[in-house]
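Below is one structure, written out as structure tokens; the observations come after it.
The values are calculated or read from the model by the stated rules, or taken from the named source; none is laboratory data. This structure is a prediction, so every number in the text was calculated from the model and none was measured. No Cβ is skipped: glycine too gets one built from the backbone with ideal geometry, and neighbour counts run over all protein chains shown. Just the protein is used for accessible areas: all its heavy atoms, side chains included, with ligands, DNA and RNA removed. Shrake-Rupley method; radii C 1.70, N 1.55, O 1.52, S 1.80 Å.
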Amino acid sequence: MIKEMRWFRGFRDSEYDNDKETNEEKDVEAGENDSAKAEDDERARETEYIDQKIQEGKGTSWFERLKKGLLKSRENIVGQISSLLSIRKIDEELWDDIEAILIQADIGIQSTMRIIDNLKDRVAMQKINESEQVIELLKEELVDILRFESPQTLHDTTARRVILVVGVNGTGKTTTIAKLARRYVNAGKSVLLAAADTFRAAAIEQLDIWAKRLNVDIIKHERGSDPAAVVYDAIHAANARKTDILLIDTAGRLHTYVNLMEELKKIKRIADREKGNAQLETLLVIDATTGQNGIAQARLFDEALKVDGIILTKLDGTAKGGIVLAIQDELKIPVRYVGVGEGMEDLHEFNPKEFVEALVG
């Protein structure tokens, strides 16, 4: 009897352990299914978002989109200056107020002082007293500052190019790469993407979706892998295929700023070493809404990597479009592209005269 009871308890305990293991396995399986479903849902949302962006902006000219995107900046700069000129005489106090408006628009102290000094001299020399004439002189001064170097266009060179795209998270870096890729494809170039931002969650997946939508190839590794290894493989693939344009997405945040810069320096060294006869270019993406912080970012990235050009995004979200002048005049880094929205047509080569015309009107 005692033996039977011991056997029964052992059998019951064994059944309990088996049930427990089975339930745990079911829980794990359910968790994995939930996680997979969440990833699929996120990917579906990302795909829908990308399809929407591809359709946005069609049928509208670039200048119309640029002018609309710069509306806040135009009202902030020209609107205030025009209001002052319409009710005030041209004197030292007026120049002080115009100076304050330009500085508040993130044009920068150095650039503002030069603009004001030149305007004073020209107004006095030409004996100007009409507000419209002052605005026209302001436009000429702005264009003069922005014209220090012509931006490269898609057709400037037939050389193959390796373009390293850098910038902090949140600037729209990955989407900007997709816009650039589309512009190059439309210009008849062969394009390859490299997903070297292996640190940010979903960065690889996002670029992969863009690659499929744009019908271009992509080189990618697993999340958490060595970004430099991705770049190495991508450059060798581009060399073997004789790809015209290789666009490299990079991390915008690591554990510390020092880690990020060291990682980017390593990537650039490898790109420079392996690029063969291709032209290496480093483009920095800056969010225009960050104002002076964006200029500080440009300084830091330029010190570490020697930036060849700036892509200024989200100009439609700020009243401080003067950051364009500060970047070019103070840092001597050319603005290559400007973005005024999330649509695929909302990124364009920077043209100083066109920009000033849209800004000042």
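A few comments on the model shown:
- Any hit, the stretch 217-226, residues being touching a Leu at 6+ places or on another chain (Cβ under 8 Å), closer than 18 Å to residue 181 by Cα, open to solvent by 10 Å² or more (accessible area, probe 1.4 Å) and assigned to a loop (DSSP other than H, G, I, E, B): yes
- Filtered residues of the stretch 163-199 (kept if part of a helix (DSSP H, G or I), polar (S, T, N, Q) and in contact (Cβ under 8 Å) with a residue 40 or more places away in the chain): 174, 175, 176
- Of everything listed in (1) touching a residue at least 60 places away in the same chain (Cβ under 8 Å); (2) surrounded by fewer than 21 Cβ atoms within 10 Å (Cβ to Cβ), the single unmet condition for residue 352 is (2).
- Options 294, 343, 252: the member that is outside any strand (DSSP E or B), free of Cβ contacts under 8 Å to residues at least 60 places away in the same chain, within 16 Å of residue 172 (Cα to Cα) and small (Gly, Ala, Ser): 294
- Each residue in the stretch 179-196 was checked for being in contact with a Lys or Arg (Cβ under 8 Å, 6 or more places away or on another chain) and either open to solvent by 10 Å² or more (accessible area, probe 1.4 Å) or within 23 Å of residue 341 (Cβ to Cβ) (or both), and 1 pass.
- Filter result for residue 267 (β-branched (Val, Ile, Thr), modelled with pLDDT of 95 or more and crowded, with 18+ Cβ neighbours inside 10 Å): yes
- Neighbours by Cβ (under 7 Å, 6+ apart or cross-chain): first from the stretch 94-110, open to solvent by less than 10 Å² (accessible area, probe 1.4 Å); second among the acidic types (Asp, Glu) and outside any loop (DSSP other than H, G, I, E, B): 108/329; 108/330
- Residue within the stretch 232-247 that is touching a residue at least 40 places away in the same chain (Cβ under 8 Å), farther than 21 Å from residue 278 by Cα and exposed (fewer than 15 other Cβ atoms within 10 Å of the Cβ) present: no
- The stretch 197-206, residues that are within 15 Å of residue 253 (Cα to Cα), surrounded by 17 or more Cβ atoms within 10 Å (Cβ to Cβ) and not hydroxyl-bearing (Ser, Thr, Tyr): 197, 199, 200, 203, 204
- Test for residue 303: is it over 26 Å from residue 106 (Cβ atoms), free of Cβ contacts under 8 Å to residues at least 24 places away in the same chain, over 17 Å from the mean Cα position of the chain (by Cα) and open to solvent by 40 Å² or more (accessible area, probe 1.4 Å): no
- Residue count for the stretch 310-340, restricted to those that are at positive phi and open to solvent by less than 20 Å² (accessible area, probe 1.4 Å): 0.
- For the stretch 306-315, the criterion of being modelled with pLDDT of 90 or more, of a type in the set (Lys, Arg) and touching a Leu at 6+ places or on another chain (Cβ under 8 Å) is met by none of the residues.
- Candidate set: the stretch 316-326, residues that are in a loop (DSSP other than H, G, I, E, B) and either within 14 Å of the chain's Cα centre (by Cα) or not aliphatic (A, V, I, L, M) (or both); chosen: the one modelled with the highest pLDDT: 322
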